[in-house]
Amino acid sequence: MTKVDKSSHKVEAMFNSIASKYDSLNHLLSFGIDKRWRKILIRELSKLHPQQVLDVATGTADLAIQLARYSKSVEITGIDISAGMLEKGRSKVAKKGLSDRVKLKQASAGSLPFASNTFDAAMVAFGVRNFEDLSGSLMEIGRTLKPKAKLFILEFSKPIKFPFAQIYRLYFKHILPFIGGIVSGNKRAYRYLFESVMEFPEKKDFVSLMEQAGFVGCTFMSLTFGIASIYIGEKQAVQ
């Protein structure tokens, strides 16, 4: 498979083009399971009782909104490279009455506009595989975290057990791009989803990348027959 082009300007343009349909298509194409996966991440993150949380690749702010509604004291800063996604996200945040606790900014994961040691936790849902520089972005996220703060990542995985693995691949490669293309008008964006998931260094390979980026105690849990995984790593304490 040809290496997926994840240059920032192309990823930004792609997500801008599907922003208006992004939420409804996500829930439709995942049969709503993505909402449950986010709840699991939020439940794990909330055990830390963080006050300041960074939401990287926030998109339309689904995860940020869910966390703000789950924990009434937390403040979330969401960043994304897509202006179109952020515009949709700000509208949703305002409608939920959460603008005082959820702030959205346009920025790249590889160059975060925040001081070092700022956040109590960071989270990414279905965005890490889009990073142009995966290792560099993980290190940059780590820079903004306080010592011993944790990073939580939810991302698609590839199931391996027969026959679910074969059904999954058929759905992701053919059915999802067909439906997504008709509804959004951009079949290429949903073809990209399949390609980026296939290319992503998942499970133990991704845990190794997190460790190389300076995180310790890194673990992962598989969700729903291995369709998705949650990765957790802790920033090293100051030596």
Residues whose built amide H sits under 5 Å from the amide H of Ala125, excluding neighbours closer than 5 in sequence, are Leu154
Whole-Hz Karplus couplings 3J(HN,Hα) for the range 97-112, θ = phi - 60° and coefficients 6.51, -1.76, 1.60, Gly and Pro as x, run x, 10, 4, 6, 10, 10, 10, 10, 9, 8, 6, 9, 4, x, 8, 7
For the range 120-239, Rg(Cα) over 2.2 N^0.38 Å is 1.17
Taking the alpha-carbon centre of each part, the distance from the range 135-156 to the range 64-123 in Å is 15 Å
Expressed in Å to one decimal, the Kirkwood Rh of the range 168-234 from all distinct alpha-carbon pairs is 13.5 Å
Interchain or sequence-distant (5+) residues whose placed amide H lies within less than 5 Å of the amide H of Glu75 are Gln52, Val53
Computed over the chain, the relative contact order (Cα-Cα under 8 Å, seq sep at least six) in percent reads 20 percent
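Given axes a ≥ b ≥ c from the Cα gyration tensor, I'd like to know whether the range 59-112 is rounded (a/c under 1.5), prolate (a/b larger than b/c) or oblate. Walk me through the intermediate numbers first.
Details: a/c = 2.33, a/b = 1.47, b/c = 1.58.
Oblate is the answer for the range 59-112, as a/c is 1.5 or above yet b/c matches or exceeds a/b.
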Percent of all alpha-carbon pairs of the chain at distances over 21 Å, whole number, is 55 percent
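Which three numbers, in whole Å and largest first, are the semi-axes of the equivalent ellipsoid of the range 16-104 derived from its Cα gyration tensor as √(5λ)?
Each semi-axis is √(5λ); the values are 20, 16, 11 Å.
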Packing-ranked peptide list from 92-98, 55-61, highest mean Cβ count within 10 angstrom first, is 55-61, 92-98
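Every number in this text was worked out from the coordinates using simple rules, so none of it is lab data. Small disclaimer: the values here were computed from a predicted structure and weren't measured. Because the Cβ atoms are built from the backbone with ideal geometry, glycine has one as well, and the counts that use them run over all protein chains shown.
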